[in-house]
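Structure first, commentary second.
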Amino acid sequence: MRVSVIDDACHGHQMCAIAAPEVFGSDEMGNAIVLIDGDIPAELQAKTRRAESNCPERAIVITD
Ligand code: SF4
């Protein structure tokens, strides 16, 4: 699994970072960034999917 954030869609609520703090952080503007390069480890995938489904802006994209 890989994950990315659509920068233009992100509004910086940080709900993703609350759901999966190991995966999402924030840049200097407060928008979400992905902290993990490459594949998301198996133990973080459920949290990552939760973050994706909870993002109010649908700014998180998961690819398998
Ligand atoms: S929850 Fe969605 S819109 Fe909010 S910071 Fe995370 S990716 Fe951006």
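The values are calculated or read from the model by the stated rules, or taken from the named source; none is laboratory data. Here the structure is a predicted model, which means the values were calculated and not measured. Positions of Cβ are backbone-derived with ideal geometry, glycine not excepted, and every protein chain shown enters the neighbour counts.
Tabulated data for the structure shown
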quantity	calculated
Exclusive hit being acidic (Asp, Glu) and within 10 Å of the chain's Cα centre (by Cα), set GLU22, GLU28, GLU57	GLU22
Close pairs from the range 37-57: first farther than 13 Å from ILE18 by Cβ, partner part of a helix (DSSP H, G or I), Cβ under 6 Å, at least 6 apart	ILE40/THR48
Residue in the range 15-39 that is nearest to the ligand (Cβ to nearest atom), counting only those that are farther than 12 Å from SER4 by Cα and among the acidic types (Asp, Glu)	ASP27
Single residue of ALA42, ALA19, ALA46 found to be modelled with pLDDT of 95 or more, surrounded by 14 or more Cβ atoms within 10 Å (Cβ to Cβ) and among the small types (Gly, Ala, Ser)	ALA19
